[in-house]
Amino acid sequence: MHLIQYIDDKGDRAVGVTRDGQTRQLKGVSSVYALVQEALNGVGGLPAAAEAHGLGDLIDKDVLAREGRVLAPIDHPDPAHLHVTGTGLTHLGSAATRDAMHKANGEKPAGELTDSMKMFRMGLENGKPAAGEKGVQPEWFYKGNGHIVVNPGQAIPSPSFALDAGEEPEIAGIYVIDAEGRPRRLGFALGNEFSDHVTERINYLYLAHSKLRACSFGPELRVGDLPRHIEGMSRILRDGEVLWEKPFLSGEDNMSHTIANLEYHHFKYDLFCQPGDVHVHMFGTATLSFADGISTKPDDVFEIEEDQFGLALRNPVQVEEEKPVVVGGLY
């Protein structure tokens, strides 16, 4: 079952459900978050909650996408209560680009492991613990809250001070914290964990700065467990032509950590177990156009697709105008 949020023909919010190749509007519900609250208070989870609403008219998702009417597949009534976070060095090819960045900067002599490669090896050795055991914690970063989420099809803003505007094709886990403070996984979505790789390359301690950017995820929420093997395509279009494209792999068969281990090391913090909050957690990537020497320009279009997740995630990129930073005293 897949869920989407969109704007209907009357200009109102709506929720659609895809089953057996058909997508229909869910009656009587205008947000996935509201549907989740009903599921938490009912029996049978999201599928049962959706079934209880009944199905309305058929909808054409491709038309919605072309008309710019698709929303992120979940949001929160208060964007400050949606957290976007992520983990890195989690995939079986993810260390190579980061390691090359460090060595290019002369941070480590030839033959000596960089910090990134050390952490990657830690994941290889203990990122998939046996049941009941705790694995090694991954690299982790905070990206922002609901204010940085860009709807599918809409332009991702790159700050005027950014040195790069690069895509990161990833899988995002989608969670809501229930009334008892327990994380409840809804499913997974495609994600573009948009980052500034030039800033990151200056020094890996700038990673936190490079991640404080907008992002996009969706368009569809794939309810249920993550497939063990995911093989999608990431591409950049310029003036309607393919500038760059490359497959990306995900799923536990292609990762150095289990999803359960990554979830544990995120939700072990009480801060991230506040009832009612939404979490969008990006699980990392091994494919970057930046690694192939690509530098994006305004109006380039990012396109991330994988058949198991429905509609492709597409976003153009734009550069924001410079904003003065004025700090005033209150004393």
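What follows is calculated from the coordinates using simple rules that are stated; it is not laboratory data. This one's a predicted model, so the numbers in the text were calculated from it and none came from an experiment. Methodologically, a virtual Cβ is constructed for each residue, glycine included, from the backbone with ideal geometry; neighbour enumeration extends over all protein chains shown.
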Item checked: DSSP-defined antiparallel bridges as percent of all bridges, the chain, nearest 5 -> 85
Notebook entry, point to check: What does the highest-first list of 65-74, 173-182, 49-58 look like by mean Cβ count within 10 Å?
Noted result: 65-74, 173-182, 49-58
Next item on the list: Anything over 28 Å Cα to Cα? Flag those among Lys211/Lys297; Lys10/Lys297; Lys246/Lys297; Lys61/Lys211; Lys61/Lys246; Lys27/Lys61, in the order listed.
Entry: Lys10/Lys297; Lys61/Lys211
Check: Stokes-Einstein at 10 °C, 1.306 mPa s, Kirkwood radius from Cα pairs: D for the chain in µm² s⁻¹?
Finding: 77
Next item on the list: Just subtract the alpha-carbon distance of Asp57 and Phe161 from 0.36 nm times their residue separation and send over the number in nm, one decimal.
Entry: 32.9 nm
Next item on the list: Please report the relative contact order for the range 2-70, taking Cα pairs under 8 Å with a sequence separation of at least 6, and give it as a percent rounded to a whole number.
Entry: 32
Check: What are the residues whose amide H is under 5 Å from the amide H of Trp244, where those residues sit 5 or more places off or on another chain and H is modelled from the backbone?
Finding: Ile236
Notebook entry, point to check: Do any GluC sites (Glu not before Pro) in the range 235-331 lie in a loop, going by DSSP, with at most 15 other beta-carbon atoms within 10 Å of their beta carbon, and if so which?
Noted result: Glu320, Glu321, Glu322
Notebook entry, point to check: So for the pair His147, Asp78, with labels modelled 7 Å out along Cα→Cβ, what separation do we get in nm?
Noted result: 1.4
Notebook entry, point to check: In nm, to one decimal, how far is the Tyr331 label point from the Lys297 one, both placed 7 Å along Cα→Cβ?
Noted result: 4.9
Check: Where does each of Glu112, Glu193 land when they are ranked from fewest to most other beta-carbon atoms within 10 angstrom?
Finding: Glu112, Glu193
Notebook entry, point to check: Counting Lys +1, Arg +1, Asp -1, Glu -1, what net charge surrounds Leu237 among other residues with beta carbon under 10 Å of its beta carbon?
Noted result: -3
Checklist line | Ranked Lys27, Lys128, Lys323, criterion: other C-beta atoms within 10 Å, fewest first | finding: Lys323, Lys27, Lys128
Check: Assuming R0 = 25 Å, what is the FRET efficiency of Leu92 and Lys268, from their Cβ-Cβ distance, to the nearest 0.05?
Finding: 0.55
Note to self: Run lengths n ≥ 4 of DSSP H only: what is the helix-derived mean residue ellipticity at 222 nm for the chain, with -39500 (n - 2.57) per run over all residues, to the nearest 500?
What the structure shows: -5500 deg cm²/dmol
